[in-house]
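*Asks:* First the structure, then my questions, so here it is.
The values are calculated or read from the model by the stated rules, or taken from the named source; none is laboratory data. Just so it is clear, the model here is predicted, and its values are computed rather than measured. Neighbour counts are summed over all protein chains in view; Cβ atoms, including those assigned to glycine, are modelled from backbone coordinates with ideal geometry. Side chains included, ligands, DNA and RNA excluded: accessible areas come from the protein's heavy atoms. Shrake-Rupley method; radii C 1.70, N 1.55, O 1.52, S 1.80 Å.
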Amino acid sequence: MAKTTLANRHILVIRLSAMGDVAMTVPVLAALRKAEPTVRITVLTRSFFRPFFRSIPDIEFFTPDFDKRHKGVIGLIRLFNDLRRLQIDCVADLHDVLRSKVLRTLFALMGCETAHIDKGRTEKKTMTRKFRKQLVPLKTTVERYRDVFLELGYRFELPASMPRVAHPIPEQILTLAGPKTGIWVGVAPFAKHKGKIYPAIKTGELIGLLSSRYERVCVFGGGKYEQQFGEYMQECYPNIVSVIGHVTLDEELDLMSNIDCMVGMDSATMHLCSLVGTPVVSIWGATHPYAGFYGFGQSPAHAVQLDLPCRPCSVFGNKLCLTHDYRCLEGIAPETIAERVAQVIAAQQKP
């Protein structure tokens, strides 16, 4: 039997959710694949996220069925047995939740080497506490992911950013928006939690400003309310195309690769744009770029935020506003964001 080495091991990479966190694994796995072209990599994640990894050759996937086969405690044991049949040599737990802890413990009992992410919870709690905040840049999530593989013995450098390549625009988007001419800007004003969502009225004003300056403004998002908002923007302003509910994730990534600048929140869209090298003007409210969730390869100068003593009050934006008025977001003028977009686009047009 051939001896297992770093170069020929089979690594199980665990990252089940959320969308932005899964997207941030891509630069790390791309760098690992470049440094170790013969290592076998299987990613345990949801099938919806597979398009994120399309630029990395020879990535395998295992999709858990948490609704049926892998549901509950017995299902988790069954998941372990299903994965064990793949002859896993080591486990990189990039999630560190109950499910992944159980899985890596079972693999460790079988003699597999395991490593897991240090999420820096204490540092983040110190940053977001009500008084005496320590506002210093923390290690990024991408760097924390890389540390897991360093612990497993792999040495590789992260790229400065993901390469920017404009993919062919899918037919579905050509039908919606037409062929690309001039400057295209994207707007994705939504997020999971209120502390990260730019107010709807101000978003409408921003979209109006952008529609008057650029040839096409594409509205991104998901869900029924967001789709209704995007369609309403189409009715209110010229040059607006809402792609919400009309495109697949693959098509959305292709469109993002053709956008000249995206306006987004501290949300998955920022990370999806990072995968295709598209610059993002990001708007920050309750959260802060220093917490480590800034888009990979994105310029810190593109972040729009207010310097308030109450910020940041939350790591994920899921806490109630301390002042009950979300002044961190309400205080950002649409004109400020539009001007930052103009600066980003002008910088790209310099010879």
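*Asks:* Considering Ala18, Ala23, which residue is open to solvent by less than 10 Å² (accessible area, probe 1.4 Å) and more than 15 Å from Asp58 (Cα to Cα)?
*Replies:* Ala23
*Asks:* Kindly indicate the residue of the range 99-114 that is buried (at least 20 other Cβ atoms within 10 Å of the Cβ) and among the hydrophobic types (A, V, I, L, M, F, W, C) and also farthest from Met19 (Cα to Cα) among those meeting that condition.
*Replies:* Phe107
*Asks:* A further question on this structure: Select, from Ile169, Ile173, Ile88, the only residue that is open to solvent by less than 30 Å² (accessible area, probe 1.4 Å), within 30 Å of Ser242 (Cβ to Cβ), touching a residue at least 60 places away in the same chain (Cβ under 8 Å) and out of contact with any Gly (no Cβ under 6 Å at 6 or more places or on another chain).
*Replies:* Answer to the selection: Ile173.
*Asks:* Where residues in the range 58-76 are open to solvent by 70 Å² or more (accessible area, probe 1.4 Å) and not charged (D, E, K, R), which of them is farthest from Leu16 (Cα to Cα)?
*Replies:* In this case the residue turns out to be Ile74.
*Asks:* Could you check the range 213-271 and list, in sequence order, the residues that are of a type in the set (Gly, Ala, Ser) and part of a helix (DSSP H, G or I)?
*Replies:* The answer is Gly230, Ala268.
*Asks:* Of all residues in the range 308-337, count the ones that are touching a helix residue (DSSP H, G or I) at 6+ places or on another chain (Cβ under 6 Å) and hydroxyl-bearing (Ser, Thr, Tyr).
*Replies:* Number satisfying all stated conditions: 1.
*Asks:* A further question follows. Can you tell me which residue in the range 178-210 is surrounded by the most Cβ atoms within 10 Å (Cβ to Cβ), limited to those that are more than 25 Å from the chain's Cα centre (by Cα) and hydrophobic (A, V, I, L, M, F, W, C)?
*Replies:* Leu209
*Asks:* Residue pairs, Cβ under 6 Å, 6 or more apart or interchain, first in the range 223-247 and modelled with pLDDT of 95 or more and open to solvent by less than 40 Å² (accessible area, probe 1.4 Å), second assigned to a helix (DSSP H, G or I) and of a type in the set (D, E, K, R). List them.
*Replies:* Ser242/Glu231; Ile244/Glu226
*Asks:* Can you work out which of the residues in the range 128-153 that are within 30 Å of Glu113 (Cβ to Cβ) and among the β-branched types (Val, Ile, Thr) is most open to solvent (accessible area, probe 1.4 Å)?
*Replies:* Thr140
*Asks:* Could you tell me which of the residues Ile332, Ile345 is farther than 27 Å from Ala31 by Cα, part of a loop (DSSP other than H, G, I, E, B), touching a strand residue (DSSP E or B) at 6+ places or on another chain (Cβ under 9 Å) and touching a residue at least 12 places away in the same chain (Cβ under 8 Å)?
*Replies:* Among Ile332, Ile345, only Ile332 is farther than 27 Å from Ala31 by Cα, part of a loop (DSSP other than H, G, I, E, B), touching a strand residue (DSSP E or B) at 6+ places or on another chain (Cβ under 9 Å) and touching a residue at least 12 places away in the same chain (Cβ under 8 Å).
*Asks:* If I filter the range 294-312 down to residues being closer than 15 Å to Gly195 by Cα and assigned to a loop (DSSP other than H, G, I, E, B), which single residue comes out as least open to solvent (accessible area, probe 1.4 Å)?
*Replies:* Pro312
*Asks:* Here's a follow-up. Check the range 257-268 and report whether any residue there is open to solvent by 50 Å² or more (accessible area, probe 1.4 Å) and within 23 Å of Pro199 (Cα to Cα).
*Replies:* Scanning the range 257-268 turns up no residue that is open to solvent by 50 Å² or more (accessible area, probe 1.4 Å) and within 23 Å of Pro199 (Cα to Cα).
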